[in-house]
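Asks: Take this structure, written in structure tokens, and hold onto it; I'll ask about it next.
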Ligand SMILES: [Zn+2]
């Protein structure tokens with residue numbers, strides 16, 4: 001059983017920058033990497049710049065753009081695969097939630113009355129592409145306008161299954177929570193496991209153990 005997700009530096013920083021760029025609207029990424037017995041390793045995150053972005057939803061809109069991206073990745077990634085031991089492929093997607101920042105908002109939404117929701121979307125992809133399992137990373141982001149002026153500073157806090165990045169610079173700041181979900185096709189039903197995320201080691205240099213995450217949320 002897959003036990004954790006490891007995010008490479010490239011994927012991690014692309015996801016943060018993509019989320020911050022459009023902060024008030026949701027945005028999405030294709031995730032490339034590999035899955036082994038115990039872990040998902042996410043090497044790259046492709047931001048989908050042609051996706052429809054709303055404040056409470058995001059979805060691919062331009063199918064021919066996705067086809068172009070797939071063709072490019074096939075040409076760009078496949079030759080790399082041949083040289084590496086692990087097969088790199090699309091392992092899932094990431095998308096942001098911008099409505100509220102808390103651990104509750106950082107999870108997959110279920111199928112609603114209109115048939116929308118994160119799990120409905122994932123279920124359709126898994127059915128269409130005959131995929132047995134899928135990784136979805138949810139990135140909950142909140143922009144902050146402070147009264148006080150801060151020196152540039154970033155803190156990373158680790159919860160049992162989530163990572164939180166608090167970044168301040170001048171009067172502005174971003175508070176971002178990341179969570180990872182493994183969606184598994186199990187006897188025609190979907191099973192969802194939340195997985196802990198391991199960030200690239202260099203980012204933990206910012207870790208500040210003095211903050212109390214439980215109190216802070
Ligand atoms: Zn969502």
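The values are calculated or read from the model by the stated rules, or taken from the named source; none is laboratory data. As the structure is a prediction and not an experimental result, all values here were calculated from the model. Positions of Cβ are generated from backbone atoms using ideal geometry, with glycine treated the same way; all protein chains shown enter the neighbour counts.
Asks: Given the conditions (1) in contact with a strand residue (DSSP E or B) (Cβ under 7 Å, 6 or more places away or on another chain); (2) at pLDDT below 90, report the number of the one that residue 54 does not fulfil.
Replies: Every condition holds for residue 54 apart from (1).
Asks: Of everything in the stretch 82-98 that's surrounded by 13 or more Cβ atoms within 10 Å (Cβ to Cβ) and over 19 Å from residue 6 (Cα atoms), which residue is modelled with the highest pLDDT?
Replies: 97
Asks: Determine whether residue 130 is surrounded by fewer than 19 Cβ atoms within 10 Å (Cβ to Cβ) and at pLDDT below 95.
Replies: On the way: surrounded by fewer than 19 Cβ atoms within 10 Å (Cβ to Cβ): yes; at pLDDT below 95: yes.
Here the answer is yes, as residue 130 does meet what is asked.
Asks: List the residue pairs whose Cβ atoms are under 7 Å apart, where the first residue sits in the stretch 157-168 and is farther than 13 Å from residue 194 by Cα, the second is part of a loop (DSSP other than H, G, I, E, B), and the two are 6 or more positions apart or on different chains.
Replies: What qualifies is 157/211.
Asks: Could we say that residue 156 is in contact with a strand residue (DSSP E or B) (Cβ under 9 Å, 6 or more places away or on another chain), outside any loop (DSSP other than H, G, I, E, B) and closer than 20 Å to residue 47 by Cα here? Lay out the reasoning, then the answer.
Replies: Working: in contact with a strand residue (DSSP E or B) (Cβ under 9 Å, 6 or more places away or on another chain): yes; outside any loop (DSSP other than H, G, I, E, B): yes; closer than 20 Å to residue 47 by Cα: no.
So residue 156 fails the test.
Asks: Which of the residues belonging to the stretch 1-26 are in contact (Cβ under 8 Å) with a residue 60 or more places away in the chain and under 10 Å from the mean Cα position of the chain (by Cα)?
Replies: Scanning the stretch 1-26 gives 7, 12, 15, 16, 19.
Asks: Going residue by residue through the stretch 54-67, is there one that turns out to be within 16 Å of the ligand (Cβ to nearest atom) and in contact with a helix residue (DSSP H, G or I) (Cβ under 8 Å, 6 or more places away or on another chain)?
Replies: Yes, the stretch 54-67 has at least one match.
Asks: Further question: Name every residue in the stretch 110-127 that is over 19 Å from residue 66 (Cβ atoms) and within 10 Å of the ligand (Cβ to nearest atom), in order of residue number.
Replies: 116, 117, 119
Asks: Hey, another quick one. Restricting to the stretch 144-172, name every residue that is within 21 Å of residue 14 (Cβ to Cβ), surrounded by fewer than 18 Cβ atoms within 10 Å (Cβ to Cβ) and at pLDDT 90 or above.
Replies: Across the stretch 144-172, the qualifying residues are 169, 172.
Asks: Would you mind stating whether residue 142 is within 16 Å of the ligand (Cβ to nearest atom), in contact (Cβ under 8 Å) with a residue 40 or more places away in the chain and either out of contact with any strand residue (DSSP E or B) (no Cβ under 8 Å at 6 or more places or on another chain) or over 22 Å from residue 33 (Cβ atoms) (or both)? Walk me through it before giving the result.
Replies: Working: within 16 Å of the ligand (Cβ to nearest atom): yes; in contact (Cβ under 8 Å) with a residue 40 or more places away in the chain: yes; either out of contact with any strand residue (DSSP E or B) (no Cβ under 8 Å at 6 or more places or on another chain) or over 22 Å from residue 33 (Cβ atoms) (or both): yes.
Yes; evaluated as a whole, the condition is true for this residue.
Asks: Now a separate question. Going by the structure shown, is residue 91 touching a helix residue (DSSP H, G or I) at 6+ places or on another chain (Cβ under 8 Å) and under 17 Å from residue 15 (Cβ atoms)? So that I can check it myself, show each step before the final result.
Replies: Working: touching a helix residue (DSSP H, G or I) at 6+ places or on another chain (Cβ under 8 Å): no; under 17 Å from residue 15 (Cβ atoms): yes.
When the stated conditions are applied, residue 91 does not pass them.
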